[in-house]
1. Roll a 1.4 Å probe over the protein chains and send me the accessible area per residue for the chain in Å².
2. Ser102 versus Lys41, label points 7 Å from Cα toward the beta carbon: distance in nm?
3. Could you please report the charge total around Leu47, scoring K, R as +1 and D, E as -1 over all other residues with beta-carbon less than 9 angstrom from its beta-carbon?
4. Please compute the net charge surrounding Phe121, taking Lys and Arg as +1 and Asp and Glu as -1 over other residues with Cβ under 15 Å from its Cβ.
5. From the list (1) 0.95; (2) 1.08; (3) 1.00, can you say which value of Cα Rg over 2.2 N^0.38 Å was derived from the structure given?
6. Quick one: if the Förster radius is 22 Å, what FRET efficiency do Ala120 and Ala8 give, using the C-beta to C-beta distance and rounding to 0.05?
7. Roughly to the nearest percent, how much of the accessible area of segment 37-127 is carbon and sulfur, given a 1.4 Å probe?
8. Run lengths n ≥ 4 of DSSP H only: what is the helix-derived mean residue ellipticity at 222 nm for the chain, with -39500 (n - 2.57) per run over all residues, to the nearest 500?
Amino acid sequence: MNAAQAVAAPALVIDARRRTPVPPNGILERRIVANLIEHLKRAGFHLVHVFDGERSTRVTTTKQAMELIFNLDEVSVRFYKTHPAHWHGVLLVLGNGCDIVSDWNFTPGDADGFNAAMEAFDATVFA
């Protein structure tokens, strides 16, 4: 995905409740996450859960996921390609700007191409 293919981050309810504007780093991270989700959708992966370290919440849209993600400091966003029980997690650490995508997991051999899709995503395109 390049800057020309980028999607805009959705407006979030949690941001409307803020007393101060979202800082530039927060805006950057929202663009990165929205585009990461879109990138993985284009690669055939489905958004399934947001895991906050204690509880996994089912989500079906980018906006639902982002409302949860940007209310936390660290979160795992779960994706699957063929079956929801065979998910991959992407660890996001908020406050790290272009390095918000901290880690991800995939199966040995990368049979469904998740690692390849993650390696192809460049968060710095959105900076």
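The values are calculated or read from the model by the stated rules, or taken from the named source; none is laboratory data. Computed from a prediction, not measured in an experiment: that's the story for all the values here. Note that we place each Cβ from the backbone using ideal geometry, even for glycine, and neighbour counts take in every protein chain shown. Side chains are part of the model used for accessible areas, which takes the heavy atoms of the whole protein and leaves out ligands, DNA and RNA. Shrake-Rupley method; radii C 1.70, N 1.55, O 1.52, S 1.80 Å.
1. Numbers: 6920 Å² over 127 residues.
The answer is 54 Å² per residue.
2. Result for the modelled spin labels: 2.6 nm.
3. Taking every other residue near Leu47 into account, the sum is +2.
4. Overall, the nearby charge balance is -4.
5. (3)
6. 0.60
7. After summing per-atom areas, the C and S share lands at 50 percent.
8. -8500 deg cm²/dmol
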